[in-house]
Each structure stands twice: as C-alpha cells, then as structure tokens.
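A short worksheet on the structure shown next.
The values are calculated or read from the model by the stated rules, or taken from the named source; none is laboratory data. Not measured: the values here are computed from a predicted model. For neighbour counting, all protein chains shown are included, and Cβ atoms are generated from backbone atoms with ideal geometry for every residue, glycine included. These accessible areas exclude ligands, DNA and RNA; they are computed on the full protein's heavy atoms, side chains included. Shrake-Rupley method; radii C 1.70, N 1.55, O 1.52, S 1.80 Å.
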Amino acid sequence: MIEKEGTSDKSLLTFFYLKVLFANLSNPMAFFSVILLTLIVGCAIFAPFIAPTDPYDLSVVSILDGRLAPGEEMFDGTIAWMGTDGAGRDVLSAIIYGLRTSLIVAISSALIALSIGIFIGLIAAFYGGKVDSFLMRIVDIQLSFPAILVALVLLALLGKGVDKVIIALVVVQWAVYARTVRAAATVERHKEYIEAASCLGLSNSRIIWKHLLPNSISPLIVLATLQTAHSISIEATLSFLGVGVPITEPSLGSLISNGFDFILSGAYWITFFPGVMLLATVASINILGDQIRTILNPRFTE
Amino acid sequence: MLAFVSRRVLQSVVVLFVMSLIVFSMINLVGDPVDMLVNPESLPDEIERVRRDFGLDQPAYVQYWKFLTGALSGDLGNSFVFGRPALALIFERFPATLELATFALILAVIIGLPLGIYAGLNPSGWGTRIIMGSSILGISIPTFWLGLMMIIVFSVLLGWLPVSGRGEIGYFLGIKSSIFTLDGLRHLIMPATNLALFKIAMVIRLTRAGTEEVMRLDFIKFARARGLSPRRIIRFHLLPNILIPIITVLAIEFGTLIAFATVTESIFAWPGLGKLVIDAIINLDRPIVVAYLLFVVTLFLILNLVVDIIYAALDPRVRLGGSEK
C-alpha cells in the first residue's frame with residue numbers, strides 16, 4: 001500500500017486541492033467517491049438530526065420491535081428501512097450513530113499519530129547520526145509486526161474502551177508517519193536554505209518547525225488519507241472481535257459483531273447494512289487517496 | 001556476512017528480551033493477578049496464602065527472573081481455562097493456522113499473478129478496469145464482514161459449504177492436514193479464500209506494476225524483435241524478473257496472514273492459534289495470551305531475520321549498513 005510519493009514544491013501544495021477537484025470532475029468514479037464521502041461525514045456530524053430514532057434512548061427502543069425485516073413498520077409507526085436488531089433498535093439509526101464513533105476514533109487517532117510521527121521523523125532527520133539510527137530502529141521493529149496484531153495484544157492488556165482503542169491505533173500508526181516524514185526531511189535537510197538558516201544563527205527548534213516542517217509534510221497528504229481508511233478498518237475488526245469499543249458506544253464493527261449471532265437464522269440485515277456502510281466509507285477514502293496520489297505523481301500525469 | 005548475521009541475531013534477542021519485559025510489566029501493572037485466581041468471597045488469609053503460593057508476594061525483579069527462566073525452559077505457566085501448559089496448547093493449535101495461511105498464500109499467487117500480468121499487458125482494456133476496480137474493493141472490503149457475507153451466501157442461502165470447523169483430517173506422507181480429504185477441503189476453502197482476498201488484491205497490484213515496468217525495458221523489445229511468441233516472452237523473460245520482489249513481499253506478508261488468521265478463525269470457528277488467543281483474551285486467560293505473544297514475536301523475528309539475511313546475501317549494500325548513510 002505504501003508507495004513512494006514524489007516530493008513536491010510548497011507552492012504546489014495549495015494548488016493540489018484545485019487539481020484534485022478538477023480531476024474528480026473528469027473521473028466519474030472519483031467524483032462519486034467524493035460525493036459519497038461528503039454524505040457519510042455529513043451523516044456522522046448531524047447524526048441526531050438525521051437518524052429516524054435515537055438508538056441510545058432506551059425508553060424508545062422496544063423489544064417488541066426485535067428482528068423486523070427491512071421495510072417493516074415499527075411499533076410506534078416509524079418504518080425500519082434497514083430492519084431492526086435483536087433488541088428492537090432501528091438498524092439505520094444505529095448505523096448513523098455507529099458511523100460517528102468509527103470516524104471519531106479513526107480521525108482522532110490519525111491526528112495524534114500524525115503529530116507524534118512528524119515530531120519523531122523531523123528530530124531523526126535533523127539530528128541524524130545516532131539519534132536517527134536509534135529512532136529508525138524502533139520504527140523498523142514496530143513496523144515489522146502487523147498492525148492488527150499489535151493492536152489486538154495492546155487491547156488484550158489494556159481492556160476495552162474508546163480511549164484505549166485510540167491509544168492502540170496511535171501506537172500502530174505513528175511509525176508509518178515517522179518513517180515517511182523522516183525520508184522527506186532527510187532530503188530537505190541537506191538543501192541550501194536549511195544551511196542558510198543555520199548560518200543566520202536561527203535556533204534548531206526554529207529551523208525544524210519553521211523551515212523543515214512545511215517542506216517535508218506534503219508526502220503525508222496521501223498517506224494520512226489511506227491510513228485513516230486503514231484505521232477505520234482496524235477499529236471495526238477489533239470491535240468485531242470483542243476487544244474494541246464497548247457495546248454501549250457501538251461503532252460499525254460492533255454493530256456487525258452484534259448481527260453475527262443472527263446470520264444463521266437468516267436475519268442478514270443486522271450485519272449486512274453496517275458492513276455496506278463500512279465498505280462505502282473505506283472504499284471512498286481509498287479511491288480519493290488513489291486519486292490524489294495519481295495527481296501528485298508526475299510519472300502518471302505525463 | 002558473519003558479522004551482519006550475528007549483529008542481526010543479537011538485535012533480535014534484544015527485541016525479544018525487551019518484549020518479555022514489556023509484557024511482564026504490563027500484565028503486572030494492569031490489575032492484581034490474585035483477583036483472577038481466587039473466589040471474590042474468599043477470606044483475607046486465604047488470599048494471602050494464594051499470593052504466597054504463586055510467588056506473587058516477592059519483589060517484581062524476582063518474579064520477572066522466575067518468569068524469564070521459566071520462559072527459557074519452555075514453561076509459561078498453565079492455562080487458567082484448560083489447566084494445561086500454555087505453550088503446549090499453542091504448539092497443538094499452530095498446525096491448523098499454518099495450514100490455513102499456507103493455503104491462502106497459494107490462492108493469492110495462483111489467482112493474483114495471472115490477473116496482474118493480464119492487467120499489466122493490457123493497461124487500457126475493459127478487463128483491466130474490472131480487475132483494478134475489484135482490487136480496490138478487495139483492499140477496502142473488511143475481511144471479517146466479507147467472511148460473514150460468504151457464510152450467508154454459501155452456507156445459509158445455498159447450503160453448499162459447512163460453516164465452521166476443520167472437517168475430516170487426512171494423513172499424507174506423515175503430514176496431518178485437511179487438504180487431503182474432500183470434507184477437509186470443503187471446510188478449508190471458505191476461510192482460506194476469505195483470508196486470501198486482501199493478498200490477492202495486493203498481488204494483482206504488485207504484479208501489474210512490475211509487468212508495466214519490465215515490459216518497457218530493452219530486453220523485452222529484443223525478445224520481440226527476435227520473433228519470440230508472447231507466451232514465451234511472458235514465461236521466460238517477464239516472469240523471472242517480476243517474481244523476485246513479489247516473492248520477497250509475500251515472505252514478509254506470510255506473517256501478517258498468521259496475524260489476520262485470528263479474525264478469519266473466529267468467524268469460521270477454525271480451531272487454530274487465532275481462535276485460541278481470542279477466546280483467551282475474552283476469558284482473561286493470561287498465560288495463553290503471554291505465550292501467544294512471545295510465540296508470535298519469536299516467529300516474526302525469525303521471519304524478518306531470514307528475509308534480511310536473504311537481502312544481505314543478494315545486496316552487499318545492506319550488509320554494510322546502507323541505511324546509515
């Protein structure tokens with residue numbers, strides 16, 4: 001998944017978004033994925049206004065509505081377009097709220113991991129030598145273990161909870177960012193403007209944050225996009241396995257896990273629809289990431 | 001070369017040691033293990049006795065030393081649930097996981113390679129668009145959800161394949177495996193396909209990229225100019241050149257297959273390592289979790305070590321520490 005990105009000029013950075021938008025209009029699949037992603041994020045943000053019922057409100061949820069097939073009418077007259085689960089919760093509403101949990105976990109863990117990764121990567125690239133080899137050794141070791149395994153083991157030790165899942169996802173992701181930032185920053189480190197900055201007597205921290213940082217983060221745009229999709233997937237997998245977010249705050253993964261018990265009896269909708277939503281979210285982010293990569297990589301645009 | 005290998009082996013040992021330290025301290029920091037061993041209604045002096053019997057009243061470094069010497073002699077304690085040595089259970093379950101992962105890897109190669117070459121040779125065809133589109137889908141689709149959908153379609157709706165278990169196990173040349181019986185194969189095909197799907201998509205992408213790159217090179221042009229048939233060019237000129245990176249990546253990915261098997265195994269109730277550890281996590285069976293962790297870390301270190309040594313044998317720059325320039 002991780003491929004080399006071409007380092008690009010800072011002035012181009014602002015131009016990227018326009019280009020992405022423009023290219024999207026000409027490629028129907030990418031255009032569609034942007035629209036879909038906007039809708040998904042919109043649903044997650046405005047969940048309380050969009051969802052037909054509140055799946056957390058136990059006074060509304062009625063066991064009499066349990067396992068209704070898609071399109072059937074619930075006790076209070078609302079139509080359950082995607083059916084209801086074993087406890088009588090509307091699947092559509094649960095999905096909209098679940099999306100919220102999934103996105104919050106993925107995005108906050110991506111942001112924290114990104115900050116740690118940028119910090120470590122820049123320090124390694126700027127100081128070089130022993131510091132660099134020590135930090136990169138840790139990164140190498142960390143990356144030699146599959147993400148799902150590290151997260152699984154961490155959660156086995158830490159226990160359940162939204163905060164714990166975020167910690168696990170940060171631990172899993174920071175090294176990827178650190179390695180990429182370090183690769184870009186090492187190239188920049190030996191350029192003349194950095195030399196000039198240190199000749200001017202600027203402090204190391206000023207050089208790192210004001211000069212090295214802005215010129216080293218463009219490869220992260222694509223990476224962060226793809227990593228976010230990846231971490232949504234990992235979170236869902238962990239929650240499915242029963243070590244992720246608790247059932248009181250269901251994410252898409254725990255909704256699917258909840259439906260697992262019903263598939264043999266034919267109530268497919270409890271697992272099917274949350275999974276479709278998960279797939280739509282992950283796929284649209286991946287397509288967007290692919291699209292940005294194609295635009296940024298000069299080899300493909302020629 | 002000898003210096004490189006010994007440096008890497010030493011490094012692996014250090015990593016393993018640090019891992020054991022981390023695992024040990026986390027397990028002892030998170031909660032009191034005595035709480036898990038005794039009945040919550042037991043009297044204080046009874047709790048004290050259990051604490052003394054298990055050596056939990058001693059200082060942490062003494063406990064760690066006991067843990068470490070135990071681990072080195074293959075004793076990682078007994079499973080709380082099964083009441084048997086944890087390491088023995090791990091080794092008992094490992095063949096099933098190995099079988100699943102190997103079969104998935106074979107599937108990934110025999111499906112992914114031809115599709116990838118086709119996509120690389122016809123970059124703008126409709127077939128390629130479909131293949132590449134499905135490969136994005138294959139990377140995005142959550143493995144566990146796909147497994148559930150497979151059960152719904154093939155077991156519940158069509159009734160073709162069994163839902164769970166390993167089926168009848170056959171013997172061939174002294175190897176025990178489900179591959180050798182028809183019933184075993186019927187049980188194996190769904191979990192293996194499920195596990196392989198992500199890797200198939202990955203092999204397609206790698207092969208396509210490799211094919212596109214190699215087909216532009218001069219020796220392919222010369223082979224064409226000599227009038228060789230396209231089949232011969234693919235077989236003798238393209239394949240050997242794209243296979244090396246693919247094989248190396250797959251060797252590393254084999255480890256992730258074993259890790260991802262935890263997910264597939266818990267869906268299809270495949271009696272392997274992954275199922276064992278998920279159950280252990282849920283039942284708070286710590287000796288199993290620790291044994292699994294140390295086993296998998298060792299497995300990965302060996303796998304990475306082998307890959308690194310192969311790299312070093314092929315590329316002298318790696319041997320001389322090329323990353324420290």
Practice problem: Take the range A:132-224, drop everything but the C-alpha atoms, weight them equally and run the Debye formula without solvent; then report log10 I(q)/I(0) at 0.10, 0.21, 0.23, 0.25 Å⁻¹ to two decimals. | Solution: -0.38, -1.02, -1.11, -1.20
Practice problem: Would you be so kind as to identify all helices of chain B, as entire DSSP H runs, whose Cα atoms reach 20 Å or more along the helix's own axis and whose mean Kyte-Doolittle hydropathy is at least -1.0? | Solution: B:2-29, B:86-121, B:126-140, B:182-215, B:239-268, B:286-314
Quiz item: Could you give the semi-axes, largest first, of the ellipsoid that matches the range A:163-302, computed as the square roots of 5 times the alpha carbon gyration tensor eigenvalues and rounded to whole Å?
Solution: 42, 19, 8
Quiz prompt | Which of A:C43, A:C199 is most accessible, then next, and so on - probe 1.4 Å | solution = A:C199, A:C43
Quiz prompt | Packing rank of B:123-131, A:216-224, where each peptide gets the mean count of other beta carbons within 10 Å, highest leading | solution = A:216-224, B:123-131
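So, counting K/R as plus one and D/E as minus one, what does the shell of residues with Cβ under 12 Å around B:L195 add up to?
Net local charge, B:L195 excluded: -2.
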Quiz item: Hey, quick one: spin label on B:I282, modelled 7 Å out along Cα-Cβ, who in the range A:237-276 has an amide N within reach, i.e. under 13 Å?
Solution: A:239-244, A:257-262
Quiz item: What average number of partner chain Cβ atoms lie no more than 10 Å from the Cβ of the residues making up A:285-291?
Solution: 2
Quiz item: What would the Debye formula give as log10 I(q)/I(0) at q = 0.09, 0.13, 0.15 Å⁻¹ for the alpha-carbon point model of chain B, no solvent?
Solution: -0.65, -1.13, -1.29
Quiz item: Average partner chain C-beta neighbours within 10 Å, per residue of A:139-146?
Solution: 5
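Tell me: how much accessible area in total is hidden between A and B, 1.4 Å probe, Å², nearest 100?
Chains A and B together bury approximately 3600 Å².
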Practice problem: Given the options B:P230, B:P114, B:P85, state which has the largest fluctuation in a GNM of chain B using a 10 Å cut-off (strictly under) for Cα springs. | Solution: B:P230
Quiz item: So what does B:R232 come to for accessible area, using a 1.4 Å probe and Å² rounded to 10?
Solution: 120 Å²
Self-check item: Two-decimal log10 I(q)/I(0) for the range B:216-284, as the Debye equation yields it once each C-alpha is a single scatterer, q = 0.23 Å⁻¹
Solution: -0.93
Self-check item: Heavy atoms of B:R208 accessible to a 1.4 Å probe, total area in Å² rounded to 10
Solution: 60 Å²
